[in-house]
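Comments concern the structure below.
Computed from the coordinates by the stated procedures, all read-outs in this text should not be read as laboratory data. All figures in this text were calculated on a predicted structure; none of them were measured in a lab. Please note: Cβ atoms are built from the backbone with ideal geometry, for glycine as well, and neighbour counts cover all protein chains shown.
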Amino acid sequence: MQITSILAIYALFWVMSAFFLLPFGVKTHEEAGIDKIPGQAESAPADFRPGRLALRATVLAAFATSLFVLNYRYGWITVDDINLIGNPPEAEAVPN
């Protein structure tokens, strides 16, 4: 596998990790005991830390990319392992 492919896969895993981690560790103003600003959404986070989110996404994406590359190299899980339907029946030859 080329390094550019690994970097592209890492970028995809990073974005997915960031979206996956967004709701974890977030408190609203009501949960934190802080007054809301007039017009503010009730679900708005009280203390959003994008740097912490980026760090967590980086670690999770590096782990997921490592597992992906190792699976690609050693073939632990293949397409045949996750084929739940089975192979399609062979197409019968139709006489002309």
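If you go through region 8-40 and keep only what is hydroxyl-bearing (S, T, Y) and under 11 Å from the mean Cα position of the chain (by Cα), you end up with Y10, S17.
Cβ-Cβ contacts under 8 Å between residues 6 or more apart (or on different chains), taken from a first residue in region 1-16 that is touching a residue at least 40 places away in the same chain (Cβ under 8 Å) to a second residue that is aromatic (F, W, Y), are listed as M1/Y72; I9/F68; F13/F68. Of all residue pairs spaced 6 or more apart or on separate chains, those with beta-carbon atoms under 7 Å, a first member in region 71-86 that is closer than 17 Å to I9 by Cβ and a second member that is among the β-branched types (V, I, T) and outside any helix (DSSP H, G or I) are N71/I77.
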